[in-house]
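**Student:** Take a look at this one; I'll ask things after.
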Amino acid sequence: MATSITRWDPANDIASMRGMMDRLFEGSFGRFPAFRAAGEELGGAGLGLDVFETNDALVVKAAIPGVNPQDLDIAVEEDVLTIKGEFKQEETSEENQYHRRELRYGSFERSLRLPPTVDPEKAEATFEHGMLKLEIPKKPEAKARSIKITPKGVV
């Protein structure tokens, strides 16, 4: 009878325990909403960002529907980009009997550390159909360059 020895890996047990705890909380309480109650400041999870890099720039996109672009505050201090704004609540009537209120209201703020390879002084922001797009160009020395190979001794 052959017996095999398996090495114990505590990381597997921890991952398994975490999965069980996630299933327990999801089953008991359901999914927690991404936004807090009206009027509370929204944390980092309140404003989703897409951040990607092109050959020439770092691009940050944020979906901010219903917010007037003039009400957004975009600032860079040292190497930290901060986007602030507020989802304003519409007037409500006492006659309305809400069955569900899931629209988010209140202020939000999201900060993101920028890499040293970008030049925030030359950043450009556009806002279209509720989508904020920031293009922060790379410094010339950080841009990708191709190097051509010159063959030696080839006839």
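**Student:** How charged is the neighbourhood of E78? Take every other residue with its Cβ under 15 Å from the Cβ of E78, and add Lys/Arg as +1 and Asp/Glu as -1.
**Tutor:** Once positives and negatives cancel, what remains is -3.
**Student:** Please work out the C-alpha center-to-center distance from the stretch 54-106 to the stretch 117-141 and express it in whole Å.
**Tutor:** When both Cα centres are located, 18 Å separates them.
**Student:** Next question. Give the lysines reachable from K138 as a straight Cα distance under 30 Å; neighbours fewer than 8 places away on the same chain don't count.
**Tutor:** K61, K84, K122, K148
**Student:** Let me ask something else about it. What translational diffusion coefficient, in µm²/s and rounded to a whole number, does the Stokes-Einstein relation yield for the stretch 69-114 at 37 °C and a viscosity of 0.692 mPa s, taking the hydrodynamic radius as the Kirkwood radius over Cα pairs?
**Tutor:** 251
Here, each number is a calculation from the coordinates, and none is a lab measurement. Values in this document were obtained by computation on a predicted structure and should not be read as measured data. In this analysis, Cβ positions are derived from the backbone assuming ideal geometry, glycine residues included, and neighbour counts consider all displayed protein chains.
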